[in-house]
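The values are calculated or read from the model by the stated rules, or taken from the named source; none is laboratory data. Since the structure is predicted, the reported quantities are computational estimates derived from the model, not experimental observations. Note that we place each Cβ from the backbone using ideal geometry, even for glycine, and neighbour counts take in every protein chain shown.
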Amino acid sequence: MDKRELVMYKLEEIVNALLENTPIKQIARQQKISKNTVKKYRKHVEKILSGNPHLLGNLSMIMDEFRNMRKKERHSVNYGWLELHSEEIEKLAENCDNYVRLFQVLRDKGFSGSYSSLQRYISKCNNLGERSVFRIETKPGEIAQVDFGSIGKLYDELAGTMVKAYVFVMVLGYSRDAYNEIVRSQDIQTWCS
(Lines give C-alpha, C1' and ligand atoms only; values in the text may rest on other atoms or scores of the structure.)
Protein backbone atom coordinates (compact mmCIF):
# COMPACT_ATOMS: atom_id res chain seq x y z
CA MET A 1 0.00 0.00 0.00
CA ASP A 2 1.32 3.41 -0.96
CA LYS A 3 1.84 5.74 2.01
CA ARG A 4 0.65 8.61 -0.17
CA GLU A 5 -2.67 6.93 -0.92
CA LEU A 6 -5.48 9.45 -1.32
CA VAL A 7 -8.09 9.89 1.36
CA MET A 8 -11.58 8.81 0.38
CA TYR A 9 -13.15 12.30 0.13
CA LYS A 10 -10.45 13.44 -2.29
CA LEU A 11 -10.77 10.20 -4.21
CA GLU A 12 -14.52 10.74 -4.42
CA GLU A 13 -13.94 14.16 -6.03
CA ILE A 14 -11.61 12.57 -8.58
CA VAL A 15 -14.05 9.76 -9.39
CA ASN A 16 -16.88 12.25 -9.76
CA ALA A 17 -14.78 14.36 -12.14
CA LEU A 18 -13.88 11.23 -14.15
CA LEU A 19 -17.55 10.27 -14.41
CA GLU A 20 -18.27 13.79 -15.72
CA ASN A 21 -15.54 13.25 -18.39
CA THR A 22 -13.35 16.06 -17.04
CA PRO A 23 -9.93 16.00 -18.74
CA ILE A 24 -7.18 14.23 -16.77
CA LYS A 25 -4.87 17.25 -16.89
CA GLN A 26 -7.57 19.49 -15.42
CA ILE A 27 -8.33 17.03 -12.60
CA ALA A 28 -4.62 16.73 -11.79
CA ARG A 29 -4.28 20.52 -11.63
CA GLN A 30 -7.39 20.99 -9.46
CA GLN A 31 -6.48 18.20 -7.02
CA LYS A 32 -2.74 18.99 -7.08
CA ILE A 33 -1.79 15.42 -7.91
CA SER A 34 0.06 13.70 -10.73
CA LYS A 35 -1.66 12.94 -14.02
CA ASN A 36 -0.46 9.34 -13.56
CA THR A 37 -2.40 9.13 -10.30
CA VAL A 38 -5.56 10.30 -12.07
CA LYS A 39 -4.94 7.73 -14.83
CA LYS A 40 -4.53 5.00 -12.19
CA TYR A 41 -7.90 5.86 -10.68
CA ARG A 42 -9.49 6.11 -14.12
CA LYS A 43 -8.41 2.49 -14.72
CA HIS A 44 -9.99 1.51 -11.41
CA VAL A 45 -13.26 3.26 -12.35
CA GLU A 46 -13.24 1.54 -15.76
CA LYS A 47 -12.64 -1.83 -14.06
CA ILE A 48 -15.51 -1.26 -11.62
CA LEU A 49 -17.89 -0.13 -14.36
CA SER A 50 -16.93 -2.97 -16.73
CA GLY A 51 -17.92 -5.50 -14.07
CA ASN A 52 -20.95 -3.52 -12.88
CA PRO A 53 -22.33 -1.31 -15.68
CA HIS A 54 -25.49 -0.63 -13.64
CA LEU A 55 -23.38 1.50 -11.24
CA LEU A 56 -22.83 4.22 -13.87
CA GLY A 57 -24.00 7.51 -12.34
CA ASN A 58 -24.27 6.12 -8.80
CA LEU A 59 -21.25 7.69 -7.07
CA SER A 60 -21.90 6.22 -3.62
CA MET A 61 -22.05 2.64 -4.94
CA ILE A 62 -18.91 3.18 -7.01
CA MET A 63 -17.14 4.45 -3.88
CA ASP A 64 -18.31 1.33 -2.01
CA GLU A 65 -16.69 -0.77 -4.73
CA PHE A 66 -13.51 1.32 -4.36
CA ARG A 67 -13.50 0.59 -0.63
CA ASN A 68 -13.88 -3.13 -1.30
CA MET A 69 -11.12 -3.01 -3.90
CA ARG A 70 -8.80 -1.22 -1.47
CA LYS A 71 -9.48 -3.79 1.25
CA LYS A 72 -8.43 -6.58 -1.12
CA GLU A 73 -5.25 -4.73 -2.16
CA ARG A 74 -4.43 -3.49 1.35
CA HIS A 75 -1.92 -6.13 2.42
CA SER A 76 1.16 -7.56 0.81
CA VAL A 77 2.03 -11.26 0.51
CA ASN A 78 4.34 -10.93 3.51
CA TYR A 79 1.63 -9.40 5.65
CA GLY A 80 -0.68 -12.20 4.57
CA TRP A 81 1.90 -14.78 5.66
CA LEU A 82 2.16 -13.06 9.04
CA GLU A 83 -1.64 -12.98 9.39
CA LEU A 84 -1.87 -16.66 8.49
CA HIS A 85 0.69 -17.55 11.18
CA SER A 86 -0.45 -14.99 13.76
CA GLU A 87 -1.03 -17.50 16.58
CA GLU A 88 2.43 -19.00 16.15
CA ILE A 89 4.01 -15.53 15.99
CA GLU A 90 2.19 -14.52 19.17
CA LYS A 91 3.53 -17.58 21.02
CA LEU A 92 7.07 -17.00 19.76
CA ALA A 93 6.93 -13.29 20.60
CA GLU A 94 5.87 -14.02 24.20
CA ASN A 95 9.06 -16.03 24.75
CA CYS A 96 11.34 -13.72 22.76
CA ASP A 97 12.45 -10.28 23.89
CA ASN A 98 14.56 -9.74 20.78
CA TYR A 99 12.63 -9.20 17.54
CA VAL A 100 15.77 -9.72 15.48
CA ARG A 101 15.87 -13.29 16.82
CA LEU A 102 12.12 -13.64 16.18
CA PHE A 103 12.75 -12.51 12.60
CA GLN A 104 15.43 -15.19 12.17
CA VAL A 105 13.12 -17.90 13.53
CA LEU A 106 10.32 -16.79 11.19
CA ARG A 107 12.72 -16.80 8.23
CA ASP A 108 13.53 -20.43 9.05
CA LYS A 109 9.79 -21.18 9.05
CA GLY A 110 9.28 -19.68 5.58
CA PHE A 111 8.72 -15.95 6.08
CA SER A 112 10.24 -14.13 3.11
CA GLY A 113 9.55 -10.55 4.17
CA SER A 114 11.88 -7.95 5.65
CA TYR A 115 12.56 -7.13 9.27
CA SER A 116 10.71 -3.82 8.72
CA SER A 117 7.55 -5.63 7.61
CA LEU A 118 7.71 -7.77 10.77
CA GLN A 119 8.08 -4.63 12.88
CA ARG A 120 5.08 -3.01 11.15
CA TYR A 121 3.01 -6.14 11.72
CA ILE A 122 3.93 -6.33 15.40
CA SER A 123 3.19 -2.63 15.93
CA LYS A 124 -0.29 -3.13 14.41
CA CYS A 125 -1.03 -6.07 16.68
CA ASN A 126 -1.84 -4.61 20.08
CA ASN A 127 -1.58 -7.95 21.83
CA LEU A 128 2.09 -8.28 20.84
CA GLY A 129 2.94 -4.64 21.46
CA GLU A 130 1.53 -4.39 24.99
CA ARG A 131 4.33 -6.05 26.89
CA SER A 132 5.10 -5.30 30.50
CA VAL A 133 7.99 -2.99 31.21
CA PHE A 134 10.36 -4.19 33.90
CA ARG A 135 12.12 -1.55 35.93
CA ILE A 136 15.69 -2.53 36.72
CA GLU A 137 16.47 -1.84 40.36
CA THR A 138 20.07 -1.15 41.37
CA LYS A 139 21.90 -0.48 44.61
CA PRO A 140 22.91 3.12 45.41
CA GLY A 141 26.10 4.12 43.62
CA GLU A 142 26.14 0.97 41.49
CA ILE A 143 25.14 2.32 38.05
CA ALA A 144 25.05 5.68 36.26
CA GLN A 145 24.15 6.27 32.63
CA VAL A 146 26.00 8.93 30.66
CA ASP A 147 25.02 10.59 27.40
CA PHE A 148 25.76 13.68 25.32
CA GLY A 149 23.43 15.67 23.07
CA SER A 150 24.18 18.44 20.60
CA ILE A 151 22.59 21.81 21.41
CA GLY A 152 24.01 23.83 18.53
CA LYS A 153 26.48 26.71 18.84
CA LEU A 154 26.99 29.05 21.77
CA TYR A 155 29.02 32.21 22.10
CA ASP A 156 32.30 31.63 23.98
CA GLU A 157 33.29 34.82 25.78
CA LEU A 158 36.90 33.70 26.29
CA ALA A 159 37.50 32.88 22.60
CA GLY A 160 35.10 35.58 21.30
CA THR A 161 33.57 33.15 18.75
CA MET A 162 30.70 30.74 18.34
CA VAL A 163 31.62 27.19 19.39
CA LYS A 164 29.77 23.92 19.08
CA ALA A 165 28.17 22.98 22.40
CA TYR A 166 26.81 19.78 23.88
CA VAL A 167 24.79 18.90 26.93
CA PHE A 168 26.31 16.26 29.18
CA VAL A 169 23.73 14.18 31.07
CA MET A 170 24.38 11.63 33.80
CA VAL A 171 21.47 9.75 35.40
CA LEU A 172 21.98 7.73 38.57
CA GLY A 173 20.50 4.23 38.39
CA TYR A 174 19.13 4.06 41.94
CA SER A 175 17.60 7.49 42.51
CA ARG A 176 17.09 8.47 38.83
CA ASP A 177 18.55 11.85 39.71
CA ALA A 178 20.06 13.62 36.71
CA TYR A 179 23.03 15.94 36.39
CA ASN A 180 23.20 18.21 33.30
CA GLU A 181 26.03 20.45 32.16
CA ILE A 182 26.82 22.33 28.96
CA VAL A 183 30.24 21.27 27.62
CA ARG A 184 32.40 21.86 24.53
CA SER A 185 33.46 18.26 23.77
CA GLN A 186 32.16 14.72 24.02
CA ASP A 187 35.13 12.85 25.45
CA ILE A 188 35.89 10.80 28.54
CA GLN A 189 37.86 13.65 30.11
CA THR A 190 34.73 15.81 29.99
CA TRP A 191 32.58 13.43 31.98
CA CYS A 192 35.32 12.29 34.33
CA SER A 193 36.18 15.84 35.43
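Summary of values
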quantity: Residue, surrounded by the most Cβ atoms within 10 Å (Cβ to Cβ), within the range 87-101, restricted to residues that are of a type outside the set (D, E, K, R) and farther than 11 Å from Leu118 by Cα; calculated: Ala93
quantity: Pick from the range 1-33, criterion loosely packed, with under 11 Cβ neighbours inside 10 Å, assigned to a loop (DSSP other than H, G, I, E, B) and not basic (Lys, Arg), ranking: modelled with the lowest pLDDT; calculated: Met1
quantity: Scope the range 48-64; condition part of a helix (DSSP H, G or I) and either touching a residue at least 12 places away in the same chain (Cβ under 8 Å) or surrounded by fewer than 12 Cβ atoms within 10 Å (Cβ to Cβ) (or both); matching residues; calculated: Ile48, Leu49, Ser50, Gly51, Pro53, His54, Leu59, Ser60, Ile62, Met63
quantity: 1 or more residues under 30 Å from Asp97 (Cα atoms) and touching a residue at least 12 places away in the same chain (Cβ under 8 Å): qualifying strands (runs of 3 or more DSSP E) within the range 134-193; calculated: 144-156, 161-172
quantity: Any hit, the range 71-85, residues being in a helix (DSSP H, G or I) and within 17 Å of Lys10 (Cβ to Cβ); calculated: no
quantity: Residues being of a type in the set (Phe, Trp, Tyr) and within 10 Å of Ala144 (Cα to Cα) - total across the range 156-183; calculated: 1
quantity: Among residues of the range 86-133, those that are at pLDDT 80 or above and in a loop (DSSP other than H, G, I, E, B), counted; calculated: 6
